[in-house]
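One structure is given here, and the rest of the page talks about it.
Please treat every number below as a calculation from the coordinates, not as lab data. Quantities reported herein were computed from a predicted structural model and do not represent experimental measurements. Neighbour counts run over all protein chains shown; Cβ positions are idealised from the backbone, glycine included.
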Amino acid sequence: MNQPAVDIVVLISGNGSNLQAIIDHLDQSDTSARIVRVISNRPNAYGLQRAQAAGIATDVIDHQAYAERAAFDQALADRLEALNPTIIVLAGFMRILSAAFVERFRGQLINIHPSLLPAYRGRDTHARVLAAGDQQHGCSVHYVTPDLDAGPVIAQAMLTVQPSEDAEQLANRVQALEHQLYPAVISWMTAGRVALHDDQVLFDRVVQPSPRRLSMD
Ligand code: GAR
């Protein structure tokens, strides 16, 4: 393998099923990319156990220990700078990051969001999709920019909403897509195929006019 090592840090807040999908994918791939640290802002996040079971070092930076958002962001930024990762993966990391933080790591920070962005930024995406009667739904991986859930979208996976399903069923099906989409995007990134330039996504050095689409049903 001639590729230089690509160090990844994954930020989580909870279950970590996307983290697990990324761990499993890297384990099965012929890649020099590795997760060097999993950081949670919640001490009891189940994803920490997933990381430990995979032999990955973990840190907890408990946001409740910081009186102000800026102080938490500073602590997180300091930890990240010490680790010096190539890619910072937000995988169910449920903290809004300050503009200063995001600018510091611009081009390195990616997030997965359970909607076809720009539709349904924010929370409760599945219930809102059902309430609107949308037929298409899915998930997006995007670069993180200061505006919440508004950064350039790298790729999306979509599904057709079934008339009979409720928000929980839809959430489960979207999560299954997430577990395929996030590893796919991370493979492109670790291979150096994806970059952010002037708020546009480059794929193989060419501006990508719209998100790549993975259709799975
Ligand atoms: C995922 O479904 C992800 O899309 C969502 O949190 C879940 C985390 O699940 N993220 C957001 O809503 C961010 N705006 P996981 O901890 O099992 O990976």
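A few points about this structure:
- Under DSSP loop assignment and at most 14 Cβ neighbours within 10 Å, longest trypsin sites (Lys or Arg not before Pro)-free interval of the chain: 1-120
- In order along the range 107-117, the Karplus-derived 3J(HN,Hα) couplings, from 6.51 cos²θ - 1.76 cosθ + 1.60 at θ = phi - 60°, round to x, 9, 8, 10, 9, 10, 10, x, 6, 8, 4 Hz, and Gly and Pro are given as x.
- Phi angles across the range 130-137 convert, under the Karplus curve 6.51 cos²θ - 1.76 cosθ + 1.60 with θ = phi - 60°, into 3J(HN,Hα) values of 5, 4, 7, x, 5, 9, 10, 8 Hz, Gly and Pro given as x.
- With the alpha-carbon atoms of the range 1-96 aligned to their principal axes, the span from lowest to highest coordinate is 46, 25, 20 Å, starting with the largest.
- Three principal axis lengths of the range 55-176 [C-alpha, angstrom, descending]: 48, 32, 27
- Full-extension gain in nm, SER29 to ILE96, via 0.36 nm per residue minus C-alpha separation: 20.9 nm
- Computing Rg and the Kirkwood Rh from the Cα coordinates of the range 138-217 gives a ratio, Rg/Rh, of 1.02.
- Sequence-distant residues sharing a close amide H with ALA150 (under 5 Å, placed H): THR145
- Take every Cα pair under 8 Å whose residues are at least 6 apart in sequence, average their separation, divide by the length of the range 140-183, and the relative contact order is 34 percent.
- Residue-wise HN-Hα coupling along the range 157-170, computed from phi with Karplus coefficients 6.51, -1.76, 1.60 (Hz; x: Gly, Pro): 10, 10, 9, 9, 6, 8, x, 8, 8, 9, 4, 5, 5, 5
- For VAL161, distant residues with modelled amide H under 5 Å away: GLN136, HIS137
- If you model the range 36-78 as an ellipsoid using its alpha carbon gyration tensor, with each semi-axis the square root of five times an eigenvalue, the axes come out at 22, 11, 5 Å, biggest first.
- Globularity index of the chain, i.e. its alpha-carbon radius of gyration over 2.2 N^0.38 Å: 0.99
- When the helices of the chain are scored as -39500 (n - 2.57) per DSSP H run of n ≥ 4 and the total is divided over every residue, the value at 222 nm lands at -10500 deg cm²/dmol.
- Length-normalised contact order of the range 1-127 in % [C-alpha pairs under 8 Å, at least 6 apart]: 28
- Gain upon complete extension [GLN200, ASN84; 0.36 nm per residue less C-alpha separation]: 39.4 nm
- Distance (nanometres) between label positions extended 7 Å along Cα→Cβ at ALA65 and THR160: 5.1
- Share antiparallel - DSSP beta bridges, the chain, percent rounded to 5: 45
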